[in-house]
Structure formats: C-alpha cells, structure tokens
Amino acid sequence: MVPQLPDDILHMLCEELALQRSFDTLFNCATASRALAIPALTWLYRSHHKSPVRGGGDDEAISIATHELVVQKWSILWRSIVASALNATLFPYCRYITTLDLRDLAYLLENDKFKGKILKSFFRADLAKFHHTIEVPYRKSKRTVLNVNSIIDAVGEAVTEHTPMLEQISGRLLSHALVRWVPRLPRLHSLELWDGMALEDKLLHASIRDNCPHFDALSIYHWQSDDRDHKLSSFIGGLRPQSLKYLETISDTGIGPEAFLALNAHGESLKELRLCLRTDTLPHLSLLKGCTAVETLRLEDNDGHTDIKATQNDVFLEVIDWLRNCKDLKNFSLTNFVDAAAIVFPLLLEEKIHLRKLDIDTYVVSSNKMFHQALVHQRESLRALTLSGDSDEM
C-alpha cells in the first residue's frame with residue numbers, strides 16, 4: 001500500500017506553489033490524482049487574480065496568434081468561474097476564490113480579440129443568459145455591442161451567491177448591486193471601486209457595518225457627482241468606528257473637509273492613507289489631526305501650483321503639527337507639492353519619527369540645503385530615498 005500525505009500537508013504544498021505563482025505546476029497537480037485535485041484547485045483559484053493570462057498577458061511583443069491564444073485562455077478562466085456558480089462544472093471553483101476582480105472581466109469583454117469563436121464559446125450553453133447586448137451609434141447607423149455593465153452586474157449577482165471565502169471585490173460596480181451582494185459576503189474586507197458612485201446608496205453603509213465585520217479597506221479611482229465629499233463622509237461615518245485601515249483615492253474623487261473629519265473616527269486604526277487632492281482641499285488637511293496611527297502616507301496635489309507655506313502659513317503649521325504627531329510614520333510620499341521639502345524638513349528632525357521610505361518631487365534643489373542636511377537624522381532607519389526636482393543652479 002502506497003502511503004499518502006495528510007490533506008493539510010498537500011494544502012500547504014499547494015499554497016507554496018501558489019505563492020510562487022507556479023500555475024502550470026498547480027494545474028498538473030490538479031490533473032495528477034484525486035488526492036491532489038482539491039488542494040491544487042483550491043489554491044489555483046484562490047490565486048487566480050495573479051494569473052499571467054489575466055489582462056490578455058502583458059507582453060506587447062507577442063504575435064497576433066499567440067495573443068489570441070492568451071485571450072482564449074483568459075476567457076476560459078472567467079468562464080470556468082461563472083459556470084461553477086451555475087453548478088455546471090465538476091468542481092465549485094468560485095467557492096475557492098478570495099478576490100473577485102470584475103475590472104479584469106470588463107477588460108476581457110472589451111478586448112478586440114474577444115470575438116468570433118472565443119465570444120461564442122464563452123456565452124454558450126449555461127452562460128447564454130449572460131449575453132447582454134446594446135445598440136450604439138456607428139457612423140450613420142447603429143451596431144450591436146456587448147452591454148458590459150449589464151453583463152458585469154449579472155455575473156456578479158450569480159458568482160457572489162457562491163463565494164463564501166470572498167474578501168475583495170474590484171471593478172465598475174453599481175450601488176444597487178453592492179446592496180444585494182454584501183449580505184452574502186461575511187469575509188469581505190476590501191472594495192476597489194472604479195467609480196465612487198457605488199457608495200452612494202445609504203443602505204450599503206448599514207449593510208457593510210452589519211454584515212462585514214472585517215471590512216477595513218477602500219480604494220476609489222474617481223467620482224463625478226454632486227456633494228461627493230459629503231457622500232464619502234457619510235459612507236466613512238457609517239462604518240464601525242476604528243475599523244478602517246486603508247483608504248486610497250487615485251484621482252479626483254472630491255475628498256475634502258467632511259471626509260477628513262469623518263476619518264478621525266478611524267484615527268487609531270487607519271494605517272495607510274493615499275490621497276489625491278485638489279488645491280481647494282489642501283487648507284483642510286489639518287482636519288486629519290486625529291489620524292495619528294498612519295504608517296504609510298501618500299499625498300498628491302492634483303493641481304500642483306499652491307505653496308501652502310507661502311500663502312497660508314497658519315495652515316502649513318497645523319499640517320506640520322499633525323504630521324509630527326504621527327509617530328509611527330514609516331513611508332512618506334509627496335507628489336506635486338510645491339513646498340514638499342518644507343513639509344518634510346521638521347519631520348526629519350523629529351526624534352520619534354523613523355522613516356524607512358521617503359519620496360518627494362517638485363522642489364527646488366538649490367534652495368533646500370538645510371533639508372538635505374537634515375536627512376542625516378534619519379540615517380538609522382531610512383532605506384529608500386527618491387528626490388526629484390529642479391536641479392538648476394545646484
């Protein structure tokens with residue numbers, strides 16, 4: 001009789017393969033034996049969002065034929081996930097996943113190689129009901145194209161019914177969709193949203209608070225609507241106090257004074273803050289003074305032409321006072337800040353702040369000698385330093 005390894009050992013081995021992104025090896029394990037199939041498939045789909053076929057591959061130098069093959073594999077990956085939610089596969093793949101990146105599905109549906117046999121194969125049999133189309137103007141007539149938003153909504157509705165391990169959702173999500181999905185996702189801890197409008201339904205605020213005890217991270221790409229700051233403030237205020245650990249705004253989301261004040265209710269939990277700011281919100285930065293547990297801070301001035309120190313020195317001093325109280329600050333990045341060196345300078349001299357990474361740009365090198373000399377005070381901790389600015393007359 002051939003001895004067999006315990007299931008937990010097989011899961012550990014497959015987990016290590018997943019960490020190494022050895023997808024081919026995991027697939028071979030899944031087809032090698034019944035004993036290996038479950039642990040291999042579990043980790044293959046748990047890490048599917050890191051697969052090299054997602055996005056159609058990253059190599060732009062590949063041939064057209066190879067590109068089409070990659071897109072075909074990409075479509076098979078998504079078809080297997082959706083089909084498993086319909087109980088149309090041998091194994092329940094969707095039950096293994098922890099990340100549902102609907103951005104990637106949207107990219108697939110919009111890819112110029114997703115047509116002909118690939119498209120027909122994707123929407124055949126059980127997935128035919130997801131084939132939603134819409135007519136759009138084309139030259140002097142109309143043409144029929146995939147209704148991507150409708151397909152994403154339908155797929156998300158089906159898949160989230162069968163994803164008890166799901167921790168993160170990303171994509172172009174609709175507010176009414178999240179209201180339906182969130183009660184099914186007790187492990188959800190992160191949302192990565194293309195559009196902040198997905199947060200506007202107040203029913204969602206209560207639903208996350210009541211059904212998702214682990215929710216702690218939010219990323220928003222953009223947000224174009226009235227009262228954006230107030231709506232974001234309402235969402236943040238609707239979460240359990242001291243629960244949010246990560247907040248990122250990637251472009252203009254309208255974040256401002258109301259949202260800053262709301263973040264103070266998470267001042268002890270918030271560890272990573274990445275904000276893209278408009279010039280008119282810079283004077284309100286000191287309202288974040290309660291967020292002193294921050295370890296990683298990235299601030300970007302979307303306009304890049306305001307010198308706070310020169311124009312509003314009282315505001316500048318309040319911002320410095322806030323930052324000096326962030327004793328756990330390790331990674332600090334200022335992008336497009338005219339007075340970046342002036343903001344960082346007093347932090348370099350602060351005995352209780354030990355920076356590991358510092359990244360600033362948009363400063364005049366020749367007039368910041370004291371800033372450069374002050375860097376020596378962080379020599380014991382600093383491991384990464386990026387300085388970019390005007391070096392004329394250096």
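Summary table
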{"item": "In nm, spacing of pseudo-spin labels at residue 119 and residue 210 (7 Å Cα→C-beta vector)", "result": "4.2"}
{"item": "With Cα atoms, 0 to 90° folded angle of helix 202-211 axis to the chain main axis", "result": "80"}
{"item": "Semi-axis lengths, Å, the chain, gyration tensor of Cα atoms, sqrt of 5 times eigenvalues", "result": "43, 26, 23"}
{"item": "Under 18 Å from residue 129, Cα to Cα: aspartates and glutamates that are on another chain or at least 8 residues apart", "result": "153, 157, 161"}
{"item": "Dipole of the range 264-312, positive direction: furthest Cα of 296, 312, 276, with charges on the beta-carbon", "result": "296"}
{"item": "Sequence of 117, 330, 271, 202 from largest to smallest accessible area, 1.4 Å probe", "result": "117, 202, 271, 330"}
{"item": "Residue pairs, from the table 73/142; 73/202; 245/352; 113/140; 50/271; 231/352, whose Cα atoms sit over 29 Å apart", "result": "73/142; 73/202; 231/352"}
{"item": "Relative contact order (%) - the range 1-50, alpha-carbon pairs under 8 angstrom, separation at least six", "result": "36"}
{"item": "Antiparallel content of DSSP bridges confined to the chain, in %, to 5", "result": "15"}
{"item": "Ranked packing of 310-321, 161-172, most packed first, by mean Cβ within 10 Å", "result": "161-172, 310-321"}
{"item": "Size of electric dipole in the range 62-165: Cβ of Lys, Arg +1 and of Asp, Glu -1, about Cα centre, debye, nearest 20", "result": "540"}
{"item": "Highest-fluctuation residue, 54, 180, 139 considered, GNM on the chain with Cα pairs under 10 Å", "result": "139"}
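The values are calculated or read from the model by the stated rules, or taken from the named source; none is laboratory data. Treat the numbers as computed from the prediction; the structure is a model and nothing was measured. Virtual Cβ from ideal backbone geometry, glycine too; neighbours counted across all protein chains shown. Ligands, DNA and RNA are excluded from the accessible area calculation, which covers all protein heavy atoms including side chains. Shrake-Rupley method; radii C 1.70, N 1.55, O 1.52, S 1.80 Å.
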